[in-house]
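This report refers to the structure that appears directly beneath it.
The values are calculated or read from the model by the stated rules, or taken from the named source; none is laboratory data. In this text the structure is predicted, and so the values were computed from the model without any measurement. Methodologically, a virtual Cβ is constructed for each residue, glycine included, from the backbone with ideal geometry; neighbour enumeration extends over all protein chains shown. SASA here: full protein model, heavy atoms, side chains in, ligands and nucleic acids out. Shrake-Rupley method; radii C 1.70, N 1.55, O 1.52, S 1.80 Å.
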Amino acid sequence: MEIRTKRLLLRPLGLGDLATAYAYSSDPEATRFMVRLPVSDIAETKSFLRAAEAEWRREEPSYYEFAIVREGIHIGAVSVYLSAEGTEGELGWILDRRHWRHGYATEA
C-alpha cells in the first residue's frame, strides 16, 4: 500500500529503512515525547522494523507503520495503531529533526 500526497510518499516501513530509522529513533530530541524511544542500539531498531514488516503481511494488521519519503529520502514515519474492534485508531509520527517545521507530519 502506498499513499501519495502533494510532497510525500507514504509506503510500508521496513528493514530497508534501517539506517535512517535508527538515525531518528536514537535521537533524544526527536524522541523526547515517545513512549518506547529512544532506542539503545541499532539491533533494537532492526527488531522493530522486522515486526512492522510482519504486521504488513498479516491479513488483518493491528497497526500500520508507514515510512515518510520526501524526494526519495526516508525522513520519518507515521503509524496507525487500531483498537481491538478495529473501529478506532491511534496516530503517531516521528521525523528526523532536519525535516521539522515544514508541515510534513501534518501532511503525512
If I take the Cα coordinates of the stretch 1-106 and project them onto the principal axes, what are the three extents in Å, biggest first? 36, 34, 25
Kindly list the residues of the stretch 72-108 that lie in the label zone of residue 27, defined by a backbone N under 11 Å from the point 7 Å along the Cα-to-C-beta vector. 75-77, 94-101
Given Cα pairs under 8 Å that are at least 6 residues apart, what percent is the relative contact order of the stretch 20-92? 20
Positive minus negative residues near residue 9 (Lys, Arg vs Asp, Glu; Cβ under 13 Å): +1
Carbon + sulfur, % of accessible area of the chain - ligands and nucleic acids excluded, 1.4 Å: 52
Ordered by number, the trypsin sites (Lys or Arg not before Pro) in the stretch 17-88 that occupy a DSSP loop and have at most 12 other Cβ atoms within 10 Å are 32, 36, 58
With label points set 7 Å from each Cα along the Cα-to-Cβ direction at residue 57 and residue 107, the distance between them in nm comes to 3.3
Could you pull out which residues in the stretch 50-77 have an amide N less than 14 Å from a spot 7 Å beyond the Cα of residue 36, following the Cα-Cβ vector? 50-56, 62-66
